[in-house]
Every structure is written in structure tokens, then in C-alpha cells.
Amino acid sequence: MGVQFRPEAEAEAINSTVWYEEQEIGLGSRFREEIESKIATIEERPFSFPRIDDTQFRTAFLDKFPFVIIFGRECKLIIIASVFHTSRDPLIIKDRIG
């Protein structure tokens, strides 16, 4: 199964990785590794994550960082809609998942 980031989600992941790396050398790499690990789990078991209301989108919380990956599935493709910091206003997600 393939994975595709929406541009906004890729920007969130990159910006957060840079921010963490600026806080402590190596922390950005650990953040990115956790994202990649969680995406691998999503690819293996996409239906094991909870849905967002009545949408096709699901949530996968990172274990060590306060982020959630918002994703959907189209055919055999995982679409990452957001890499979302949990302190942000959750209404922002509504714009991403339509």
C-alpha cells in the first residue's frame, strides 16, 4: 500500500521536524522516525484506528510526541491529511477532511 501526503500535511511534518531539531539536536530525527513508524503501522492495519465522526478519515496518535496523524484511504493509497499538534484547535481539522 502506498502513502501520499497532502501538501499541508507534508509542510506540518517538515516544520515540526525543524522546530524539534532546533530545540535539541537529534530530536527532529526522532520525531520524523516516530511519524514513519506510525505510518508503517497505518499501512499494516489502517482499519484499527478510530474514525473521525462519520468521515472516511481516521486518527493515529504518536506515542512520544503530542501529534496525531489524520489519514484516509483511497483504493490502495493512504492519504495523510494532517500531522496535527494536539494543542491546536481541532476545528482546523474540519477544513482538511471536508
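Taking amide H positions as modeled 1.01 Å from N, with prolines and chain starts lacking one, the residues under 5 Å from Phe67 and 5 or more places away or on another chain are Leu62, Thr86.
For Ile78, the residues 5 or more places off, or on other chains, whose built amide H falls under 5 Å of its own are Gly2, Val3, Gln4. Beta bridges from DSSP with both residues in the chain: antiparallel share about 75 percent, rounded to the nearest 5. When you restrict to C-alpha pairs under 8 Å that are six or more residues apart and normalise by the size of the stretch 37-98, the relative contact order lands at 21 percent. In a DSSP loop and with at most 12 other Cβ atoms within 10 Å, the trypsin sites (Lys or Arg not before Pro) in the stretch 1-65 are Lys64. If the segment from Glu34 to Asp89 were pulled out straight at 0.36 nm per residue, it would be longer than the present Cα-Cα gap by 17.5 nm. Couplings 3J(HN,Hα) for the stretch 52-59, derived from phi with the Karplus relation 6.51 cos²θ - 1.76 cosθ + 1.60 (θ = phi - 60°), are 9, 6, 9, 9, 7, 8, 10, 10 Hz, where x marks Gly and Pro. Within the same chain, aspartates and glutamates fewer than 8 places from Lys94 are excluded, and of the rest, those with a Cα less than 13 Å from its Cα are Asp53, Asp54. By the beta-carbon count within 10 Å of each Cβ, the least crowded to most crowded order of Glu22, Glu10, fewest first, is Glu22, Glu10. Placing unit charges on the Cβ atoms only, positive for Lys and Arg and negative for Asp and Glu, gives the chain a dipole magnitude near 340 debye about its Cα centre.
All other residues with a Cβ under 12 Å from the Cβ of Arg30 taken together, and with Lys, Arg as +1 and Asp, Glu as -1, what is their net charge? Here the charged neighbours net out to -4.
Residue by residue, the stretch 37-47 carries 3J(HN,Hα) couplings of 5, 5, 5, 4, 5, 4, 4, 6, 9, x, 8 Hz when phi is fed to the Karplus relation 6.51 cos²θ - 1.76 cosθ + 1.60 (θ = phi - 60°); x denotes Gly or Pro.
All of the numbers you see were taken from the coordinates with simple rules; none came from a lab. None of the values given here were measured: they were computed from a predicted structure. Counting neighbours? That spans all protein chains shown, and the Cβs are built from the backbone with ideal geometry, glycine included.
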